[in-house]
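These notes are about the structure you will find just below.
The values are calculated or read from the model by the stated rules, or taken from the named source; none is laboratory data. Treat the numbers as computed from the prediction; the structure is a model and nothing was measured. As a convention, Cβ positions derive from the backbone with ideal geometry for all residues, glycine included, and neighbour counts pool all protein chains shown.
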Amino acid sequence: MSFAYKKREFEDIFAWAEDGNSKCFYCRDKEDAPLAVALVHGKGICHACLERFEIGHLGADRHVVDHIAPEFQSREEALRWFKQYGEVHFVDVVDEEQDDVYIYHFVNDPEKYRKYQEMLEEMRSKGHLVHLLDDREVEMSYNSLEIHKDGRYSIVS
Ligand SMILES: [Zn+2]
C-alpha cells in the first residue's frame with residue numbers, strides 16, 4: 001500500500017491554503033470530506049490521506065509530520081522513525097551547550113540530491129570554497145533535519 005498523493009516536489013501549504021477550492025492538501029478533494037487535522041487556515045489533511053500518509057517532500061509535509069511524529073525519547077528513536085520514510089544522511093554535530101544536536105539531510109529527491117553531492121565534490125576538488133549553491137531545485141532536493149540528544153527535532157529548511 002502506498003500513498004498516491006505523496007509529494008514529489010516542494011509545495012507551500014500556506015500559498016495553497018489561500019486557494020478556496022479544496023480542503024485536503026493531498027488529495028485535493030473538492031467535496032466536503034471531513035478533515036482529520038486542520039493544519040493552516042482551516043485546511044489540512046483528510047482521513048483517507050492521513051491513514052496512508054508517507055513523507056514525500058519533508059518541507060512540504062512538515063505540518064503533517066509534526067502532527068504524526070511521536071514524542072521521541074532519544075535521537076536514535078527519532079532517526080529510526082524518519083528513516084522509515086526515506087534516505088537520511090548524517091552531516092554534522094553541533095554542540096549547543098552540551099545538548100548535542102546532530103544535523104542530517106532528509107533526501108526528498110534522490111536523483112537531484114546526488115547531483116548536488118557531485119557538484120559539491122567537484123567544487124571541492126577544484127579548491128573552491130563551498131558555501132551554498134545558488135540552485136533552488138538542488139536546494140529543495142533535501143531538508144536539513146536537526147535532532148537533539150533527547151529526541152526533539154526540527155525541520156530546518
Ligand atoms: Zn485527502
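Annotation note: of 31, 18, the sole residue that is away from the ligand (no atom under 11 Å from the Cβ) and out of contact with any Asp or Glu (no Cβ under 9 Å at 6 or more places or on another chain) is 18. Close Cβ contacts (under 8 Å, 6 or more residues apart or on different chains) running from residues in segment 146-157 that are farther than 11 Å from residue 100 by Cβ to residues that are among the polar types (S, T, N, Q) comprise 151/73; 151/74; 155/143; 155/144; 156/143; 156/144; 157/143; 157/144. Show the residue pairs meeting these rules: Cβ distance below 6 Å; 6+ apart or different chains; first residue within segment 14-43 and of a type in the set (Ser, Thr, Tyr); second residue surrounded by 10 or more Cβ atoms within 10 Å (Cβ to Cβ) and in a loop (DSSP other than H, G, I, E, B). From segment 14-43, the pairs are 22/28; 22/30; 26/5. All conditions in (1) under 14 Å from residue 143 (Cβ atoms); (2) surrounded by 15 or more Cβ atoms within 10 Å (Cβ to Cβ); (3) not small (Gly, Ala, Ser) hold for residue 5, with the sole exception of (1). None of 45, 55 is touching an Asp or Glu at 6+ places or on another chain (Cβ under 6 Å) and not assigned by TED's automatic domain parsing to the domain that holds residue 105 except 55.
Does residue 8 satisfy the condition of being more than 11 Å from the ligand (Cβ to nearest atom), assigned to a loop (DSSP other than H, G, I, E, B) and either in contact with a strand residue (DSSP E or B) (Cβ under 8 Å, 6 or more places away or on another chain) or of a type in the set (Lys, Arg) (or both)?
Yes; evaluated as a whole, the condition is true for this residue.
Go through the residues of segment 42-55 one by one and say whether even a single one is β-branched (Val, Ile, Thr), within 15 Å of the ligand (Cβ to nearest atom), assigned to a strand (DSSP E or B) and within 20 Å of residue 4 (Cα to Cα). Among the residues of segment 42-55, at least one is β-branched (Val, Ile, Thr), within 15 Å of the ligand (Cβ to nearest atom), assigned to a strand (DSSP E or B) and within 20 Å of residue 4 (Cα to Cα), which makes the answer yes.
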